[in-house]
Amino acid sequence: MIKKANRKIQNSKMKKVILIGLLFVISANMSLFAQSKKGVISGTIQNSKHELLSGISVQIQGTKSGAITNDDGFYEIKNIEQGNYTMLISAVGYKISKENITIKPGEVTNLDLQLNEATWQLEPVTVKGTRKNKYVAKTSSSGLRMPLDLVETPQSIQVIPQQVILDEQAQNLNDLTKNMVGVINNNNYSSFTMRGFSSLAATSTNNFITTDGFLGNMYYWQQSPFLYNIDRVENIGGPDAALYSVGTPGGIINMVTKKPLDHPYYSFNITTGSWGLIDASVDLAGPLTKNKKLQYRLNIGFNNQNSVAAYQYSNNIVIAPSIAYQFSDKTSISLDYVRNDYNTREFEYWGGALLMKPDSTYDWKNIKRTSAFYSTSDYAVTHNNSLSMTFNHEFSKTFKLTLQSRYTHSSLNSAGFSGTFYAGENYFTSYPDSVPFQYVQYFDKSYNFITSLFTTETFGNDKFKQTFVTGIDFQDYGGKDYYGIWETPDSGSFFNPGSNHFYYSPLVYPDSNAEYLQNNKNHTIQFGPYAQDLISIGKHIKMLAALRYETYSWKISPLGMQIYATNYDTSTAHVFIARGGFVYSFNKNQTAYASFNESYQPQYNNARGYGGPFKPTIAQQEEIGFKQIFFNGKMMATVAAYNIYYKNILEPSATNPNLLVLVPGLFSRGAELTVQGNLNQWSVFGSYAYNHITFAANSPLGTKGQRYDNSPTSIANFHVKYRFENSSPIKGLSIMSGGQFVGKLLGSAQDAPKFLQPGYFLLDAGINYQIKRFDFSLNGYNITNKVYVPGYYASDFMVMPGNPFNWKFSIRYTIK
């Protein structure tokens, strides 16, 4: 009886289990049946060269459903109600694609697409929604004014993408130079050495820097451009004036601004660090209308920091709004505005004291960082403004027009004290506490208007194709400056500047007590038509030829009493600038190239009182190179070798410091290697550059074959990052290490080999943790606390030392 009862109980349980199982199966089938009424769409997206594209936005118009393509160009959107839809595929740098599609219940619809590049855009292709940690860029249009794969461009162009900027916590352009091949930042200002040529040799720092291809820097040379509104930075090696008018011999640093987006994006960042650093920024973007034709971007940044040099500080505010309107698939316009307000105590910090040992050698390891010529009453206030417009219209698939205009205006009001002595070895060893000072006052207002109109037209087919770029540039720039020096009866402390509290009321021109007075206005007009032809023969050969005719007119006129000149000075010139290139593609990932480039610069100091007028400088470069893309497009390497001949350099005379002379010429020869990209969980960004620059002939500055100033033979850098992605306890964690090596460089050719600055190696480290929408970053720079001098010197006893160990910690919150 008991066994029978147990069997009944067991049978009853089995029935319940079976019944529950049946209910589960029925429920599951009902769920599947319900889901089967919904469809799925998937596919891949590639460009015109059949390369799979990652980070492309795929949206179902009128719904919230969408996806982003992965590294293999694949996307998938699930649970779509049956019906007819319009697919919207978009990415900056590509033409917007719309596709009609029908979703059937329970079916997977495949839609493979090809996006065509928007060849009218000047800026490099920027893919919206690009995945994080991307260290490689494949395309740039800065070198040729047309989008062309970097691997097919007959020139060395290194692109520093946004992810490197974020990982380095770079706040200004100087922070990024340690990642650039063949480049060093000479000091705390915008002074660079590129391929052996410094901004001092090139006469104008502004021509080292362009923004979205616009010549000229809106910031004063004593400021380093901020990166709040910058998406990426391009290091373009060598002269490149055929398309961009005035250019420097060593190359151009082009900053590409962040553009409006067709989807909401919000990012907030706060950073703190050494010397009381407080840096806050916001980056907002998205559509302003339902049809997404009107889009915006707004970047705001605030930076306040003291200095390693005692009693110095700087305060910066940057506001950069931009809007873009897409009239149609063929016509668009964008407006960009940037405002910078800068306030600092010491506008021109010339560096610390380089003391001399008892054996008459320099003590490079014990530079007095806190020594300086200034008073606690010094000040400098700067206001910078930039407004630019870009208009694009596509008449047909083969003919496009671009109109660009930019206007910048800057003003500076500064006053302070400086020492009146600049030589004498007794000062090196006697450690004087009191030195004679003088009061300096400086006002400046400058403007720059530049406009460029060019067309791009394509003929032919895949077997033989020609792309013509023809255009014309007009540039008008100048301003007024006032510079006065008053001798004072005061003496100040060079080694303890914080004790200098004397103050002079700002003086008004004219003043009979002025020892030296400069009050000028200057005006320059540049005008140049150009043409470029890119010929493609089959899949393997590309040939490039370009020619520019440039004319400029420069005039400086006194507004009042001056010591060195009483009449105006003028200078005019006409030059032809050429370029050529040849590219052979072994396959789509491997090319070799050869090129010839020229550049010129008008002499910006042609005053007769200095020995002018002078001929413009001319640079000619021959370059060969090899480019290789590895691991299915995830890494890229470039090897380049070059020879540059630079003539008509304007430098102070060795016999008379009040005169300038033309140096007959310099030869700069070198080779470069760059590697950048991502491989699995590793990200790599590194380079090595060898350069040997010498005088081409005897001159007042040096003898033939002698090494030139401020040009290290070797420059190497690396940045390596490892991401923990698969290990759940530390998923989202990244560790980074970076370094820069700069070889010995000659501080002064006239004092060689006595003033040979030692080389140095700097080591950085960082850690980043990403969790949901938060990024936490901690970076340490110069973690070995190396004492070093980047390059620039003010005299044989004043050098500008690099920063000791310092750190930054930031929190970033992003919604996209």
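The values are calculated or read from the model by the stated rules, or taken from the named source; none is laboratory data. Here the structure is a predicted model, which is why all the values come from computation and not from measurement. Using ideal geometry, Cβ is built from the backbone for each residue, glycine included, and neighbour counts are taken over all protein chains shown. Ligands, DNA and RNA are excluded from the accessible area calculation, which covers all protein heavy atoms including side chains. Shrake-Rupley method; radii C 1.70, N 1.55, O 1.52, S 1.80 Å.
Tabulated values for the structure
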item: Per-region count, the range 60-75, residues closer than 18 Å to L261 by Cβ and in contact (Cβ under 8 Å) with a residue 40 or more places away in the chain; result: 1
item: Any hit, the range 364-381, residues being in a strand (DSSP E or B), more than 27 Å from Q222 (Cα to Cα), at pLDDT 70 or above and open to solvent by less than 40 Å² (accessible area, probe 1.4 Å); result: no
item: Residues satisfying the stated conditions in the range 322-344, i.e. within 27 Å of the chain's Cα centre (by Cα), charged (D, E, K, R) and farther than 14 Å from L261 by Cα; result: R339, D341
item: Residue tally, condition under 30 Å from K400 (Cβ atoms) and of a type in the set (S, T, Y), over the range 76-118; result: 4
item: Breaking point among (1) part of a strand (DSSP E or B); (2) modelled with pLDDT under 75; (3) open to solvent by less than 60 Å² (accessible area, probe 1.4 Å); (4) of a type outside the set (A, V, I, L, M, F, W, C), for G498; result: (1)
item: Matching residues in the range 149-206 - criterion: being of a type in the set (A, V, I, L, M), modelled with pLDDT of 90 or more and assigned to a loop (DSSP other than H, G, I, E, B); result: A170, M180, V181
item: Total residues in the range 581-595, condition in a strand (DSSP E or B), in contact (Cβ under 8 Å) with a residue 40 or more places away in the chain and open to solvent by 30 Å² or more (accessible area, probe 1.4 Å); result: 5
item: The range 310-328, residues that are open to solvent by less than 70 Å² (accessible area, probe 1.4 Å), in a loop (DSSP other than H, G, I, E, B) and within 30 Å of K290 (Cβ to Cβ); result: S328
item: Verdict on I319 being within 29 Å of A415 (Cβ to Cβ) and in contact with a Gly (Cβ under 7 Å, 6 or more places away or on another chain); result: no
item: Members of the range 57-74 that are farther than 24 Å from K290 by Cβ and not charged (D, E, K, R); result: T69, N70, G73, F74
item: Subset of the range 714-744 [open to solvent by 40 Å² or more (accessible area, probe 1.4 Å) and either more than 16 Å from N179 (Cβ to Cβ) or of a type in the set (D, E) (or both)]; result: Y722, F724, E725, N726, S727, S728, P729, I730, K731, I735, K744
item: In the range 651-675, residue farthest from K588 (Cα to Cα) [restricted to those that are within 27 Å of the chain's Cα centre (by Cα) and open to solvent by 20 Å² or more (accessible area, probe 1.4 Å)]; result: F667
item: Residue match in the range 261-273 (condition: over 23 Å from S777 (Cβ atoms) and either aromatic (F, W, Y) or buried (at least 20 other Cβ atoms within 10 Å of the Cβ) (or both)); result: yes
item: Residue satisfying all of: in the range 520-570; open to solvent by less than 30 Å² (accessible area, probe 1.4 Å) and modelled with pLDDT under 75; nearest to P154 (Cα to Cα) among these; result: D569
item: Of the criteria (1) crowded, with 16+ Cβ neighbours inside 10 Å; (2) of a type outside the set (K, R); (3) modelled with pLDDT of 65 or more, which one A514 fails; result: (3)
item: Strands (runs of 3 or more DSSP E) within the range 619-728 that include 1 or more residues modelled with pLDDT of 85 or more; result: 635-647, 666-679, 682-695, 714-724
item: Top-ranked residue of the range 206-255 - restricted to ones that are touching a Lys or Arg at 6+ places or on another chain (Cβ under 6 Å) and over 26 Å from T470 (Cα atoms), ranked as surrounded by the most Cβ atoms within 10 Å (Cβ to Cβ); result: N229
item: Enumeration of residues in the range 209-254 that are among the charged types (D, E, K, R) and not in a loop (DSSP other than H, G, I, E, B); result: D231, R232, E234
item: Top-ranked residue in the range 274-302 [being in a strand (DSSP E or B) and of a type in the set (V, I, T); ranked as nearest to S810 (Cα to Cα)]; result: I278
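Residue-wise test of (1) at pLDDT below 85; (2) surrounded by fewer than 20 Cβ atoms within 10 Å (Cβ to Cβ); (3) in contact with a helix residue (DSSP H, G or I) (Cβ under 6 Å, 6 or more places away or on another chain); (4) closer than 24 Å to S191 by Cβ.
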| position | (1), (2), (3), (4) |
| --- | --- |
| I767 | no, yes, no, no |
| I771 | no, yes, no, no |
| F776 | no, yes, no, no |
| I783 | no, yes, no, no |
| K786 | no, yes, no, yes |
| V789 | no, no, no, yes |
| F797 | yes, no, yes, yes |
| P804 | no, yes, no, yes |
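To keep it simple, each residue is scored yes or no on (1) modelled with pLDDT of 85 or more; (2) closer than 30 Å to K539 by Cβ; (3) under 32 Å from the mean Cα position of the chain (by Cα); (4) among the polar types (S, T, N, Q).
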| residue | (1), (2), (3), (4) |
| --- | --- |
| A34 | no, no, no, no |
| L53 | no, yes, yes, no |
| N70 | no, yes, yes, yes |
| K78 | no, no, no, no |
| G83 | no, no, no, no |
